[in-house]
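K.L.:
Sharing a structure with you now.
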Amino acid sequence: MTSKVLALLGAFGPADPALTLSELARRAGISLPTAHRRVAELVEWGALERGEDGRYRIGLRLWEVGALAPRGLGLREQALPFLEDLYDVTHENVQLAIRDGLELVFIERIAGRHAVPVLTRVGGRFALPATGVGLVLLAHAPAEVQEQLLAAPLRRYTALTITDPSALRRVLADVRRQGYAVSDRQVTMDSFSVAAPIRGPDDAVVAAVSLVVAHERADPLTLAPLVRAAGRGISRALRR
């Protein structure tokens, strides 16, 4: 039963936030009667909500439970004042992310009204290699994680996305050496990201913070010190 419930919840996605019962059953790979029973239980508990249009959406109860995840909750609370300071200084997109396996998860984002549009959202996942925060997290990931990712085909988002493993290895070495990462038009052709590591009490990198700005106004020599200062501030807060 647990696997069926998880399959139903996993049927939702950023492009499909609302689904009919038939769509849920098909995507979860279960029969319609079984989906009807399990969905009714999820609605009763609050994990799903049924709208006036008859479609189902993720419920607030599930969001409440997810917000308790310890890797995100404490980090987000400690980081938020520094993220807000970084936004106040730049009025650009500020992002906070952690690594989960071979992907990253954004746990906070502050978006400027006139900032460059980004493809990220809080709770959303993204590939590690192309983004600034992803490059930081990958550069400091265990060697076996790096090798597993580098052995697989690397997704290309733009003509400038690094998809050659050897080239990516050199970039990761530069990130470790200089203390920050730069992603220049690797995700979209109008965006430029600078990211820095956040270290936990044992000095291991536990997260990354970044600024995402429009490419035409990007100045890494100005942005990098700001992002690195935010990363150091959050790291100190985590060690208290």
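K.L.:
So what's the net charge close to His215: Lys and Arg +1, Asp and Glu -1, counting the other residues with Cβ under 13 Å from its Cβ?
P.N.:
-3
K.L.:
Additional query: Roughly speaking, to the nearest percent, how much of the chain's 1.4 Å accessible area is carbon and sulfur? Could the numbers behind the result be given before it?
P.N.:
Details: 6830 of 12630 Å².
Solvent-exposed carbon and sulfur of the chain make up 54 percent of the total.
K.L.:
Oh, and also: For segment 23-37, what does the Karplus curve 6.51 cos²θ - 1.76 cosθ + 1.60, with θ = phi - 60°, yield as ³J(HN,Hα) per residue in whole Hz, taken in order and with x for Gly and Pro?
P.N.:
Along segment 23-37, the couplings run 5, 4, 4, 5, 5, 7, x, 10, 6, 4, x, 5, 4, 4, 5 Hz.
K.L.:
Which order do His140, His36 take by accessible area at a 1.4 Å probe, largest first? Show your work: numbers first, answer last.
P.N.:
Details: His140 60, His36 110 Å².
Sorted descending by solvent-accessible area, the residues read His36, His140.
K.L.:
Under 10 °C and 1.306 mPa s, how fast does segment 52-154 diffuse according to Stokes-Einstein, given a Kirkwood radius computed over C-alpha pairs? Answer in µm²/s, whole number. Working shown, then result.
P.N.:
Details: Rh = 15.5 Å.
Stokes-Einstein gives a translational diffusion coefficient of 102 µm²/s.
K.L.:
Would you look at the GNM of the chain, springs on alpha carbons closer than 10 Å, and say which of Gly200, Gly13, Gly112 moves the most?
P.N.:
Gly13
K.L.:
What accessible surface, in Å², does a 1.4 Å probe find on Met189, ignoring ligands, DNA and RNA and rounding to the nearest 10?
P.N.:
110
K.L.:
On the full set of protein chains, 1.4 Å probe, figure out the accessible area of Thr90 and give it in Å² to the nearest 10.
P.N.:
Answer for Thr90: close to 30 Å² accessible.
K.L.:
While we're here: By accessible area of protein heavy atoms, probe 1.4 Å, what ranking do Trp63, Trp45 get, highest first?
P.N.:
On the way: Trp63 175, Trp45 115 Å².
Greatest to least solvent exposure: Trp63, Trp45.
K.L.:
Based solely on its DSSP helices, what 222 nm [θ] is calculated for the chain when runs of n ≥ 4 H residues each add -39,500 (n - 2.57) and the sum is averaged over all residues, nearest 500 deg cm²/dmol?
P.N.:
Working: 9 runs with 109 residues, N = 240.
Computed ellipticity for the chain at 222 nm equals -14000 deg cm²/dmol.
K.L.:
Skipping prolines and chain starts, which residues have an amide H placed within reach, meaning under 5 Å, of the one on Gly112, given they are 5 or more residues away or on another chain?
P.N.:
Asn93, Val94
K.L.:
Order of 147-158, 78-89, 15-26 by packing, highest average Cβ count within 10 Å first? Walk me through the numbers on the way to the answer.
P.N.:
Working: 147-158: 12.9, 78-89: 17.4, 15-26: 15.0.
Order by mean packing, descending: 78-89, 15-26, 147-158.
K.L.:
Further question: In sequence order, what are the phi-derived ³J(HN,Hα) couplings for segment 137-146 according to the Karplus relation 6.51 cos²θ - 1.76 cosθ + 1.60 with θ = phi - 60°, rounded to whole Hz, with x for glycine and proline?
P.N.:
5, 5, 4, 10, 6, x, 4, 5, 5, 4
K.L.:
For the chain, report the accessible area per residue in Å² (1.4 Å probe, heavy atoms, rounded to an integer). Kindly include the intermediate steps, with their values, before the conclusion.
P.N.:
On the way: 12630 Å² over 240 residues.
Per residue, the chain has 53 Å² of solvent-accessible surface.
K.L.:
Quote to one decimal, in nm, the extra length available between Arg236 and Thr222 on full extension: 0.36 nm per residue of separation minus the C-alpha distance between them. Kindly include the intermediate steps, with their values, before the conclusion.
P.N.:
Values: separation 14, 0.36 × 14 = 5.04 nm, distance 2.23 nm.
Once the chain is fully extended between Arg236 and Thr222, it gains 2.8 nm.
K.L.:
Moving on. P(r) tail for the chain, what percent of Cα pairs lie past 30 Å? Before the final figure, lay out each step's value.
P.N.:
Details: 9986 of 28680 pairs.
Summing the P(r) tail past 30 Å for the chain gives 35 percent.
K.L.:
With a 1.4 Å probe and all protein chains kept in place, how much accessible area does Val205 have, in Å² rounded to the nearest 10?
P.N.:
Number for this one is 30 Å².
The values are calculated or read from the model by the stated rules, or taken from the named source; none is laboratory data. Bear in mind the structure is a predicted one, so any value in this text is a computation, not a measurement. Cβ atoms come from the backbone with ideal geometry, glycine included; neighbour counts cover every protein chain shown. Side chains are part of the model used for accessible areas, which takes the heavy atoms of the whole protein and leaves out ligands, DNA and RNA. Shrake-Rupley method; radii C 1.70, N 1.55, O 1.52, S 1.80 Å.
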